[in-house]
Each structure stands twice: as structure tokens, then as C-alpha cells.
Amino acid sequence: MQPLFRSGMGGMHEQGHSDWRIEDEVLTGQGKDGAAMTRAEFSSPFELQVWVKTIVNGNGGVLFNGGPGRVEVQCFNAPDSTNPTGSFYGIAPAERVLSRDQEWFLLQIFNRGSTAEVLVNGETVSHARDLKPPYRGSIGFQHHTPGGSIQYRAARLRAIE
């Protein structure tokens, strides 16, 4: 699996108004609203694994498929949310919440182009179909809680068949 944070912030570019840093393969976003995007682009099919830790009511996400077809997998542990953790934001909500604020949870995304699925802590929580191209682009890590923070640890990506 290819590590995404090993080259530090030199391998990323920032969008928006968050402050980002990488220490010991942990990407931390804080401040206002923004994203840290990989400089490298990746094509589907792939598996992305990343450990995530949110603050209470923390909101973030993992972005893939650049351009107008961009997809966000939500990281927001509120069980009453219409798009809780593991949801394909605005496309397919997660069936259940298997993560908690202030605890690391494993997020896995299997992107197969027009279809994708998300596992949280090893259990499937959502499926998306009819995703729009392009089926390539940078991988983004979103911070969407002004005044709060979110952490992403040990992000890894591998090509799958």
C-alpha cells in the first residue's frame, strides 16, 4: 500500500482556510474550513485506508474523483445526521454509525469507478452506484468544523482489480 503522508505537507496542497500539518503520519486540520489535497492523482479502481479521529460534533470527509464528479465520504459521527460517517455525501447515506468522536476509527473506501463502497471499522456501511467520471484525481482530506480539528492517520492507497 502506498502511504500518502510520508512526504509531509510537501506532498499536499491546501484549499480553503484550514491550517494543516503532518507529524508522524498524522494529518491534522484545524481553524476554519478547508481541505488538504494530495499533489499526486490516482485512478480507480483503488482501496483507500485511513484512520480518522473527530472532535465532538466534528465534521470532515475524504474526497476522491476530482473535477465535477468529486465524491465526499463523510466523517461526522452524529447518528441523527442525514449524512453520518461513511455516507457518500448527498448520494447514499450510511446505514449505521460505527464510529465515535474522540476515538480513532478505520475508514476504508473501495472505489471501482462508477461504483464504490465504504467500510467503517471493517463493516460495510454504504454503497454508491452510478458515480460520475472522472474516475481519477487527487485524494482530499476535509476539515469542516470552524474552531475545531480533525485528524487523519496513516492514509494508504493501493490499486485493486
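No lab work stands behind these numbers, since they all come straight from the coordinates. All values reported here derive from a predicted model rather than from experimental measurement. For neighbour counting, all protein chains shown are included, and Cβ atoms are generated from backbone atoms with ideal geometry for every residue, glycine included.
Which of the three applies to region 111-161, rounded, prolate or oblate, going by the alpha-carbon gyration tensor with a ≥ b ≥ c and a/c under 1.5 meaning rounded? Taking the square roots of the gyration eigenvalues as a ≥ b ≥ c, region 111-161 is prolate.
The gain in end-to-end length when the ARG156 to GLU14 segment is fully stretched comes to 49.2 nm, 0.36 nm per residue minus the alpha carbon separation. A simple spin-label model places pseudo-atoms 7 Å from Cα toward Cβ; at LYS132 and GLN102 they are separated by 4.0 nm. Each residue of region 22-81 gets 139 Å³ once the volume of the Cα convex hull is shared out per residue.
Just report the Cα centroid separation between region 25-91 and region 112-161, whole Å. When both Cα centres are located, 6 Å separates them. Electrostatic bookkeeping for VAL52 treats Lys and Arg as +1 and Asp and Glu as -1; over the other residues with beta carbon under 12 Å from its beta carbon, the sum is +1. Only the Cβ atoms of Lys and Arg (+1) and of Asp and Glu (-1) were treated as charged; on that basis the dipole of region 1-157 about its Cα centre amounts to roughly 320 debye. Can you pull a Stokes-Einstein diffusion coefficient for region 41-161 at 10 °C (1.306 mPa s), Rh from Kirkwood over Cα pairs, as a whole number of µm²/s? Answer, rounded: 114 µm²/s.
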